Ligand code: ADP
């Protein structure tokens, strides 16, 4: 059976009162019994002494005196002579005395003779009940002996019994009072407790700071409880704020973050990590091996869990694959490991491009330099003495020097654009005069090859561009067309408005560019035919510069095949606003 607080309080207080009543009652009863026996003894002794005096003066037969004394004092009076023979007894008739055995061995009688006073409590065979005996020696004329006074214990015990009943009633009454009072006390206490519990519950449920409830008995307790609740609330609030700050930082990180516990169960994975590894939040298992089965990553995490921080680069299994540099370190409390992943795909690509570029540049430079050197050696070895041969070698040196100069100029140009130091000042520019001017620049070479260049750019066509950059772009495109178109070819330049943009096209009827090369001709040093490019004095950087400049002017470039053969290099630029 389960008791509520109130029931428990009530039970405890009732048990307390009951035990107090029982202990106090038991002790009191013992005390009263002792006191009653003492009183009875004192009374009996007094009566015995009075009897002794009466005996000394009375001359009547001893049995008659004993009867009289017994009747007067309400006790049993026995007169015993020195030999122990009973001379008189208030409870026995004179005729019965002869049959009474000798009393000289009774302890009270022995004591009375020896010490002048004897007392004993014992069962009386004569009366068939427990008796208290007091005996004193006496002398009456020639007779001397012991006078004994006795009273049944029953009488004294009756008084004690009455007292016990009275005590019992008083105990019951106080128990009843205690029950009522403890009932009331537990009721009030339980009510106070209930109020406090309700307050605590409200505090836990996060209700607004409450007014201290009416608990007049324990105002301090209610106050402490409220203070505790307020502190709890602020601590929980602080923790929540801390957590959301942590989450915000984690979610806005560009780096992927993954945390695992000692059993390699995933405990945290941020948005960047999901994106990097193309995972969805819902799918997959709960362990790292199930969610991200990349051996290099698993090995890294195992080492970190063994207390060894490490970094490693691996490729993801996404399409396209991404290059990831991951750092794994054990958590400080040894409860797992955390991995931070950087997407280094772009960095690695740029590194590769730079490596290729440096290799290409050195290769491009080496050829003219070695020609110059070889020719100089040949001249020094004696060729200089033969003017007709010497001229050929010097010519070749000059061409190589020109090539070097063109290469260096293009390289400088491209690095200037990439470094962002190429000053662009876009403006509204009329297209037609620039196209005409550019055509003039290549006119000499075109005439040599009998190539016809025509422009059909409208006079009022304007673009929003940097004049110098635009001129360079057009020159590169038209110059390429002239260079790569065989003799008697035709080149057409035109421009048309397309929405917000102007599309300029340079079409030739040369050999054209195979589809597989089209996307790549704008790469640095990419050439469809190396020998041909060198022959016409190309550096392989022209179209790369065109692409860079066009993009810097918010435009685009591309190449398409022309019909029936040839190429159309196109360039779009923002139209000048009306
Ligand atoms: P290059 O200095 O070699 O001309 P470019 O960057 O200007 O370098 O051009 C890259 C390559 O594109 C050239 O080597 C050539 O093979 C090809 N190309 C460019 N323009 C034309 C064109 N009009 N017709 C055919 N091929 C061309």
>> Could you go through region 381-392 and let me know if any residue there is in a loop (DSSP other than H, G, I, E, B) and in contact with a helix residue (DSSP H, G or I) (Cβ under 6 Å, 6 or more places away or on another chain).
In response: no
> Which one is surrounded by the most Cβ atoms within 10 Å (Cβ to Cβ) among residues in region 335-353 that are over 23 Å from residue 278 (Cβ atoms) and in contact (Cβ under 8 Å) with a residue 40 or more places away in the chain?
Replying inline: 336
>> Within region 481-496, does at least one residue satisfy the condition of being under 24 Å from residue 425 (Cα atoms), buried (at least 16 other Cβ atoms within 10 Å of the Cβ) and touching a residue at least 60 places away in the same chain (Cβ under 8 Å)?
In response: yes
>> When the residues of region 447-474 are narrowed to those that are in a helix (DSSP H, G or I) and buried (at least 20 other Cβ atoms within 10 Å of the Cβ), which ends up nearest to the ligand (Cβ to nearest atom)?
In response: 473
> Do you know which residues across region 32-59 are in contact with a helix residue (DSSP H, G or I) (Cβ under 8 Å, 6 or more places away or on another chain) and not in a helix (DSSP H, G or I)?
Replying inline: 58
> Do we find a residue being without any contact (Cβ under 8 Å) to a residue 40 or more places away in the chain, under 12 Å from residue 337 (Cα atoms) and exposed (fewer than 15 other Cβ atoms within 10 Å of the Cβ) anywhere in region 254-264?
Replying inline: yes
> In region 426-441, is there at least one residue being farther than 28 Å from residue 512 by Cβ, away from the ligand (no atom under 15 Å from the Cβ), surrounded by fewer than 19 Cβ atoms within 10 Å (Cβ to Cβ) and under 60 Å from the mean Cα position of the chain (by Cα)?
Replying inline: yes
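Condition check ((1) surrounded by 13 or more Cβ atoms within 10 Å (Cβ to Cβ); (2) within 30 Å of residue 185 (Cβ to Cβ); (3) modelled with pLDDT under 85) across all residues:
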{"residue": "4", "(1), (2), (3)": "no, yes, yes"}
{"residue": "29", "(1), (2), (3)": "yes, yes, yes"}
{"residue": "38", "(1), (2), (3)": "no, no, no"}
{"residue": "49", "(1), (2), (3)": "yes, no, no"}
{"residue": "70", "(1), (2), (3)": "yes, no, no"}
{"residue": "81", "(1), (2), (3)": "yes, no, no"}
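Quick check on this structure: which one of 116, 128 is surrounded by fewer than 16 Cβ atoms within 10 Å (Cβ to Cβ), on the phi > 0 side of the Ramachandran plot and in contact (Cβ under 8 Å) with a residue 12 or more places away in the chain?
116
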>> Being more than 18 Å from residue 121 (Cα to Cα), out of contact with any helix residue (DSSP H, G or I) (no Cβ under 7 Å at 6 or more places or on another chain) and surrounded by fewer than 17 Cβ atoms within 10 Å (Cβ to Cβ) is the filter here; which residues of region 92-109 pass it?
In response: 93, 95, 96, 98, 99, 100, 101, 102
> Does region 350-363 contain at least one residue that is touching a strand residue (DSSP E or B) at 6+ places or on another chain (Cβ under 8 Å) and under 30 Å from residue 258 (Cα atoms)?
Replying inline: no
>> Take the conditions assigned to a loop (DSSP other than H, G, I, E, B) and closer than 18 Å to residue 299 by Cα and apply them to residue 259. Does it pass?
In response: no
> Conditions: (1) closer than 30 Å to residue 138 by Cα; (2) modelled with pLDDT under 85. Residue 16 meets all but one. Number of the miss?
Replying inline: (1)
> Does residue 359 fit the bill of being part of a helix (DSSP H, G or I), assigned by TED's automatic domain parsing to the domain that holds residue 263 and free of Cβ contacts under 8 Å to residues at least 60 places away in the same chain?
Replying inline: no
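The values are calculated or read from the model by the stated rules, or taken from the named source; none is laboratory data. No experiment lies behind these values; they were computed from the predicted model shown. Neighbour counts are summed over all protein chains in view; Cβ atoms, including those assigned to glycine, are modelled from backbone coordinates with ideal geometry.
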